[in-house]
1. Which condition does T63 not pass, out of (1) modelled with pLDDT under 95; (2) assigned by TED's automatic domain parsing to the domain that holds D130, if it passes all the others?
2. Say we look at the stretch 72-88 and pick out the residues that are surrounded by fewer than 20 Cβ atoms within 10 Å (Cβ to Cβ) and either of a type in the set (A, V, I, L, M, F, W, C) or touching a residue at least 40 places away in the same chain (Cβ under 8 Å) (or both); which of these is farthest from T38 (Cα to Cα)?
3. Does the stretch 110-123 contain at least one residue that is at pLDDT below 95, more than 22 Å from A147 (Cβ to Cβ) and out of contact with any Cys (no Cβ under 8 Å at 6 or more places or on another chain)?
4. Looking at the structure I just gave you, is L57 surrounded by 10 or more Cβ atoms within 10 Å (Cβ to Cβ), at pLDDT 95 or above, assigned by TED's automatic domain parsing to the domain that holds E90 and over 19 Å from the mean Cα position of the chain (by Cα)?
5. So, Y115, is that one assigned by TED's automatic domain parsing to the domain that holds N40, out of contact with any Leu (no Cβ under 6 Å at 6 or more places or on another chain), more than 17 Å from T48 (Cβ to Cβ) and not in a loop (DSSP other than H, G, I, E, B) or not?
6. If you go through the stretch 21-42 one residue at a time, do you hit one that is modelled with pLDDT of 90 or more, part of a strand (DSSP E or B) and either in the same structural domain as D130 (by TED's automatic domain parsing) or surrounded by fewer than 11 Cβ atoms within 10 Å (Cβ to Cβ) (or both)?
7. Within the stretch 99-121, which residues are touching a Ser or Thr at 6+ places or on another chain (Cβ under 6 Å) and surrounded by 15 or more Cβ atoms within 10 Å (Cβ to Cβ)?
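The values are calculated or read from the model by the stated rules, or taken from the named source; none is laboratory data. In this text the structure is predicted, and so the values were computed from the model without any measurement. Backbone-built Cβ (ideal geometry, glycine too); neighbour counts: all protein chains shown.
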Amino acid sequence: MARSVQRTMRRALVLISVLGLTLAACGDPAEEAASDPTANDWALESGTLNGEAVPVLDDHPITLVFTEDGVGGTSACNSYFGSYDITSGEITFSDLGQTMMACEPEEVMESEAKYLEALALVETFSATDDTLTLTGDGAELVFAVEASVES
């Protein structure tokens, strides 16, 4: 009888272990959503390109919006668009284009040029519910969830 109890206990422990591993493998859906950079629209909070700041101007925002068709947003002065690819914590942007308006003061155009250059260098990302950080060779862009505008 003692062996029967031991055998039953071992089976129960194995079953509990397997169940625990199965639940752990499922992951937390909130964590998965938090790590998805396409789940929100983003506004640039800060950035650097080759050690120099990407100017962030209150009256000329820089945004990043993911859609099923690609990526786009405003780049301080102009609208931009392109493609993106996400694989296992890595992200790349390609085929970037933009409208071609000129804006003043000159700092607006400098902000736009540095942002788009940094975006093209991006290779990895980390995302939470309210921040997105894009990094690459000499580039870091830190975004916050874009506040929705209500009419």
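1. Just one mismatch for T63, condition (1).
2. F81
3. No, the stretch 110-123 contains no residue that is at pLDDT below 95, more than 22 Å from A147 (Cβ to Cβ) and out of contact with any Cys (no Cβ under 8 Å at 6 or more places or on another chain).
4. Here the answer is yes, as L57 does meet what is asked.
5. Working: assigned by TED's automatic domain parsing to the domain that holds N40: yes; out of contact with any Leu (no Cβ under 6 Å at 6 or more places or on another chain): yes; more than 17 Å from T48 (Cβ to Cβ): no; not in a loop (DSSP other than H, G, I, E, B): yes.
So Y115 does not fit the description; no.
6. Yes, there is a match, as at least one residue in the stretch 21-42 is modelled with pLDDT of 90 or more, part of a strand (DSSP E or B) and either in the same structural domain as D130 (by TED's automatic domain parsing) or surrounded by fewer than 11 Cβ atoms within 10 Å (Cβ to Cβ) (or both).
7. Once the filter is applied, which keeps residues that are touching a Ser or Thr at 6+ places or on another chain (Cβ under 6 Å) and surrounded by 15 or more Cβ atoms within 10 Å (Cβ to Cβ), the stretch 99-121 yields E112, Y115, L116.
The rows are residues; the columns are (1) farther than 15 Å from T131 by Cβ; (2) of a type in the set (A, V, I, L, M, F, W, C).
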{"site": "D41", "(1), (2)": "no, no"}
{"site": "S46", "(1), (2)": "no, no"}
{"site": "L49", "(1), (2)": "yes, yes"}
{"site": "P55", "(1), (2)": "yes, no"}
{"site": "H60", "(1), (2)": "yes, no"}
{"site": "L64", "(1), (2)": "no, yes"}
{"site": "D69", "(1), (2)": "yes, no"}
{"site": "G72", "(1), (2)": "yes, no"}
{"site": "Y80", "(1), (2)": "yes, no"}
